[in-house]
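Every read-out reported here was derived from the displayed coordinates using simple, explicitly stated rules and does not represent laboratory data. Just so it is clear, the structure is predicted and the values come from calculations on it, not from any experiment. In this analysis, Cβ positions are derived from the backbone assuming ideal geometry, glycine residues included, and neighbour counts consider all displayed protein chains.
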Amino acid sequence: MSLKHGRHNEELFLALFEEGVYRDWVITVAFYTAIHYVEERLFPTRFYNAEVHSLEEAHERIPVNRRFSRHTTRGQLVQSRLPKSYQSYDKLRKQSQNARYVDYQISDQLYKKSKEWLTNIKNVCEIE
């Protein structure tokens with residue numbers, strides 16, 4: 001994950017948002033952008049008594065009997081270390097999953113909220 005990749009995704013998000021046609025992809029790209037931004041802010045960090053530099057390293061530190069998916073690990077790290085962004089992050093995650101697998105038709109409200117949620121995450125993560 002990288003800040004450069006996040007910015008690249010954000011450029012696509014903004015282009016899709018302005019176009020307003022593929023709203024399911026607006027939500028999805030917003031979430032993928034958020035992943036890069038939160039990981040940029042989260043790492044390196046201390047986790048399970050070791051310094052970790054990536055989600056993969058953090059995930060491997062969790063005892064096997066307590067380990068779930070990498071998505072769950074990331075969500076737990078965001079919730080505990082970037083709590084002011086967690087609600088926005090979790091809403092983007094859930095809406096992105098819904099858009100990809102359940103219903104690609106996105107309401108005006110969710111479409112507009114995606115930009116607010118991503119802006120909140122950027123602000124908390126101090127991404128300029």
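A few notes on this one:
- Residue-span extension gain [A50 to D108] - 0.36 nm each, minus C-alpha spacing: 16.5 nm
- Annotation: for a label point projected 7 angstrom from Cα along Cα→Cβ of L3, no residues of region 77-118 have a backbone N closer than 15 Å.
- Using C-alpha pairs below 8 Å separated by at least 6 residues, the relative contact order for the chain is 31 percent.
- The length gained on full extension between S80 and L12, counted as 0.36 nm times the residue separation minus their Cα-Cα distance, comes to 21.6 nm.
- In region 66-124, the C-alpha radius of gyration followed by the widest Cα-Cα span (Dmax) gives 12.5, 39 angstrom.
- For Cα extents along the principal axes in Å, computed directly from the structure shown, the correct entry in [x] 46, 32, 22; [y] 41, 30, 28; [z] 85, 31, 23 is [x].
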